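Chemist: To start, I am sharing the structure in question, which I have written as structure tokens.
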Amino acid sequence: MIHRKQLSVRNWKRTFALPAAILAMAIVGWAQASPQPNRITQELSSGGLIRLPGSVHRLTQKAADMGPVSRGMQLNTLSLHFGPSAEQQIELDALTRAQQDPKSPQYHKWLTQEEYGARFGLSDADLNKVSEWLQSQGLTVRGVSKSRNALYFSGTAAQVETAFHTQIHRYALHGEAHFANATELQLPAALRGVVVMVRGLNDFRPKPASILRTHPVPNFTLTASDHFLTPGDWARIYNVDAIYNAGFTGTGAFVGVVGQTFLPKSDVDHFRSAAGLSSTKLTFVCIDRVSSQCTGASAISDQGDVAEADLDIEWAGGIAKNATVVYLYAPFSVVKTPTINPATSQYYDVFDALQHAVSEYTVPSTHKVLPVISLSYTDCEQSFNGQPAYVTWVANLGQQANSQGQTIVVASGDAGVAGCDSQNDSVASDGASATVPVDSPNFTGVGGTTLSGDVSTPAQFWEQTPWSSSTNVVVSALGYIPETVWNDTALNGTLSASGSGVSLFFAKPSWQPTPTNYSGPPGRFIPDVSFAASANHDGYLFCSSDFNTTQYGDVCADHFFSSGGTSGTQVFFPVGGTSAGAPSFAGLLTLLAQKFGPQGNINPTLYGLAADDATYAAVFHDITSGNNNVPCVSGTTGCVGGSGGAGGTPGTMGFSATTGFDLTTGLGSIDAGALYTALGAAADFTVGTPSPSTVTVTAGSSSPPITINVSTAGAYSDDVTFSCSGLPAHASCIFDPAYVSPGSGSASTTLTITTTARAALVPRNVPPIVPPGGPHALWQIALALAGLLLASLRVVGRRLAADGLGTPGSGLTPLHAKRALAVGPALLLIGLCLLQAACGSGGSSSRGTPAGSYVITVNVDGNSNQHSTTLTLNVQ
């Protein structure tokens, strides 16, 4: 027999169980993103094979094939990379547009890596299928990226050859040994449209944008026409000082630099000491998952990457002078012997470091991604024509970074429009080509200029104090120096000009104009902006142990000068190239991110500012003179003039500067202070005078509608809320709507102020009940009644605890229990009424809104910005 008490408890549980379950399900639904649909709809072991276009590295065509590698060679740094589906790509394109649209609710609302993976990565089921297939081939799966678009694995050459139906060969190129797959990879047909690229099957590494070094000059002393740049000079020329003066120097901020070699921290320490900067804040992040070759001599490449890494780190941190530089790098040990047959391989390159910076890394102290990343490596876009897998993968990586609020700054190259040629070439032979990855609109390209202050009136632009090892003028620039297009090709005898071009793969984005002096096929134009790049006018100073010699000693042992070595002569090395301007601009953007937050793809913002003539004139230095023409082999793509054949006359290819945006320096260089002001205007709002500004009401009535306008001169991403202060007693204010979004225009709300009538209280006709003990005795009565209440509740509680509730002989039926429970509260209520009567007053009073004139302050709160306005309220 089920007692009524048990039934009651069960009914109670059932009553609340259903809504509780529904609530729990709703919470789970809100907390988790909608799962991605499965894209792999058949077993990978069936359905045939497909080829992966572009999976053979272009340099295998130029290298000597040395035959197969050992089948037992271990490949430890392999990875599969997945692209978004067509539907996901549409959604991602819409999202990244909305994130840069001030009118969108998604404006500057960035995704985390995990959120990106939930929306645009592979489903759990798909990842499991790919993982199981790799394991069925004998390969070892090592992990999945946070963003669910990369899967890391390893195996032997034999296992890889079987899984991907290819052969891995040894190659020799320019005296160096390499390995690479010799034929295009083949994948299960079920992975069509899913896998974009397989990495780790070759060790051809991209070259850094060239570092143009002048020769060491013994007993060097500056003259009126010899000047070199320190971070302080760059900050003064491009007005970064204005941002410093506003209080933003990078303190607590982080800037990313990606590279492909380890470097000694002492190089950076020497540089900062010589430049008068604070102590080094540098975090090393080695991306190697499986080996310990991250530090020491075995991890240092002799391909010139140490000098590049030094330059990038020193100048990114030199402009964001108090920020922490996070250096993410791929370790590498160069093999020079073409006959080597390595037993193991851990070969990454700088783009694996970029992958890590976008898909994996977050700053430990903030758990956020790096807002700005500097990249000084480029590749030839033309060489991927018809095989765009690599280009597509890098572009996808850039778009993911943009959706997470990351800005990636890339050098545009140092060979003018000859993006496939080396800066060591004297004549371009591979035709005109843009460079990867800056050809994608998801990256910001930095070209080069030449400072012309040395050749006109240098005293107008530089201090003339001689600089020697005993007289060290760290900051000698006086302000902005006029610029022309960087082109030192004739002076250096090698290709040395601002990299530029028109993309074959990417259409011209909507936010980018077409140069007025360009009439060819449209496409994504590069560069976007430019900064000083000439090693001659004026070279960047930096410190790199890569230049230490026995003859001249250790570089930067005495400020920027070497220790002298066996010659006893001190020297220093100024450098140039777009790979100097890129990290410097990254440092500048880091300061802006410190103030305004992450910007994501900064390109729409820059071009949006340039669209207004007045803003363009204030923010940008328009470079209108010069060209990036380079000599070229007659008959090659884009080459004009010249004569063919052996010993023929070279032709010319390149572009000329013009007013406004052009294909030599893009929008020009930037006045950092003006950009800071422009972004500040976009990140703030104003509040108009209330209309009407004076209202009169009678106590007990409401004011007429009062309009409050909020507007912004730029793009304000936050909602603003409203509140009142200074109200008289018994008055309130109501805003409709409670918040507005000014976006890039204006919005308004309506304020209504409500008052309370002043009504007199009528004296009581019946005197209050006062016990013989006086008014204070009422407290004793209240306490007694409270005790009676507690006693009755205790009795009821005991009876409810008895097992026989409602059964014969229990002495307490459910009806009795209900009555008992009602007695206590009733008695307590009577006592409180008596107490109120005793404490009441027989007089009269007024409790409405007092008459008078009041200044009401309307406070408008926009998260990081607060403004107010006032109006006058007259109450009668």
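The values are calculated or read from the model by the stated rules, or taken from the named source; none is laboratory data. Just so it is clear, the model here is predicted, and its values are computed rather than measured. When we count neighbours, we look across all protein chains shown, and the Cβ atoms used for this are built from the backbone with ideal geometry, even at glycine. Calculation scope for accessible area: heavy atoms of the full protein, side chains included, ligands and nucleic acids excluded. Shrake-Rupley method; radii C 1.70, N 1.55, O 1.52, S 1.80 Å.
Chemist: What do you get for Rg/Rh over region 395-461 if you use C-alpha atoms and the Kirkwood form of Rh?
Modeler: Computed over Cα atoms, the ratio is 1.15.
Chemist: Once you put a point 7 Å from the Cα of residue 738 and another 7 Å from the Cα of residue 643, both along the Cβ direction, what distance in nm separates them?
Modeler: Output for this residue pair reads 8.3 nm.
Chemist: Using a probe radius of 1.4 Å on heavy atoms only, what accessible surface per residue do you get for region 579-631? Whole Å² is fine.
Modeler: Here the per-residue accessible area is 28 Å².
Chemist: Next question. Based on Cβ point charges of +1 for Lys and Arg and -1 for Asp and Glu, what charge dipole magnitude is obtained for region 410-553 about its Cα centre, in debye rounded to the nearest 20?
Modeler: For this selection, approximately 340 debye.
Chemist: For residue 725, what accessible surface area do you get with a 1.4 Å probe? Give it in Å², rounded to 10.
Modeler: Approximately 50 Å² for this residue.
Chemist: Considering only protein heavy atoms and a probe of 1.4 Å, how much of the accessible area of region 123-177 is carbon and sulfur, as a whole percent?
Modeler: The value for region 123-177 is 44 percent carbon and sulfur by accessible area.
Chemist: If you take the beta carbon distance between residue 429 and residue 508 as r and set R0 to 35 Å, what does 1/(1 + (r/R0)^6) give as a FRET efficiency, to the nearest 0.05? Intermediate results must be reported in sequence, preceding the final value.
Modeler: Values: r = 28 Å, r/R0 = 0.81.
Approximately 0.80, to the nearest 0.05.
Chemist: Okay, moving on. By a straight-distance test (C-alpha under 19 Å), which aspartates and glutamates pair with residue 508 as possible cross-link partners, with residues fewer than eight away in the same chain excluded?
Modeler: 93, 101, 381, 439, 528, 662
Chemist: If you don't mind, another one. Ignoring everything but the protein chains, give the 1.4 Å probe accessible area of residue 475 in square angstrom, nearest 10.
Modeler: 40 Å²
Chemist: Scaled to the compact-protein estimate 2.2 N^0.38 Å, what is the alpha-carbon radius of gyration of region 624-716, rounded to two decimal places?
Modeler: This ratio for region 624-716 stands at 2.45.
Chemist: Next question. Label region 554-683 by shape, choosing from rounded, prolate and oblate, from the square roots a ≥ b ≥ c of the eigenvalues of the Cα gyration tensor; if a/c is under 1.5 it is rounded, and otherwise prolate applies when a/b is larger than b/c, oblate when it is not.
Modeler: Working: a/c = 2.92, a/b = 1.12, b/c = 2.62.
Because a/c hits 1.5 or more and a/b fails to exceed b/c, region 554-683 counts as oblate.
Chemist: Turning to a different aspect of this structure: Take the cross-link list 109/146; 109/368; 109/595; 109/207; 103/595; 265/321 and give me the ones stretching past 24 Å between alpha-carbons.
Modeler: Going by Cα-Cα distance, 109/207 fall outside the 24 Å limit.
Chemist: Cα to Cα, under 12 Å, and not fewer than 8 places away if on the same chain: which aspartates and glutamates meet these conditions relative to residue 281?
Modeler: 269, 314
Chemist: Per residue of region 131-147, in order, report the coupling 6.51 cos²θ - 1.76 cosθ + 1.60 (Karplus, θ = phi - 60°) as ³J(HN,Hα) in whole Hz, putting x for Gly and Pro.
Modeler: 4, 5, 5, 4, 5, 5, 8, x, 7, 9, 7, 10, x, 10, 5, 4, 8
Chemist: Roughly how many Å is it from the Cα centre of region 112-168 to that of region 619-677, as a whole number?
Modeler: 43 Å
Chemist: Under the 0.36 nm per residue contour assumption, what length would be gained going from the current alpha-carbon distance of residue 491 and residue 729 to full extension?
Modeler: Numbers: separation 238, 0.36 × 238 = 85.68 nm, distance 8.06 nm.
Gain on stretching residue 491 to residue 729: 77.6 nm.
Chemist: Under a 1.4 angstrom probe, counting protein chains only, how are 525, 547 ranked by accessible area, largest first?
Modeler: 547, 525
Chemist: Same structure again: What order do you get for 595-603, 104-112, 427-435 when each peptide is scored by the mean count of other beta carbon atoms within 10 Å, highest first?
Modeler: 427-435, 595-603, 104-112
Chemist: Also, quick follow-up: Arrange the peptides 265-274, 407-416, 581-590 so that the one whose residues have, on average, the most other Cβ atoms within 10 Å appears first.
Modeler: Ranking the peptides 265-274, 407-416, 581-590 by packing returns 407-416, 581-590, 265-274.
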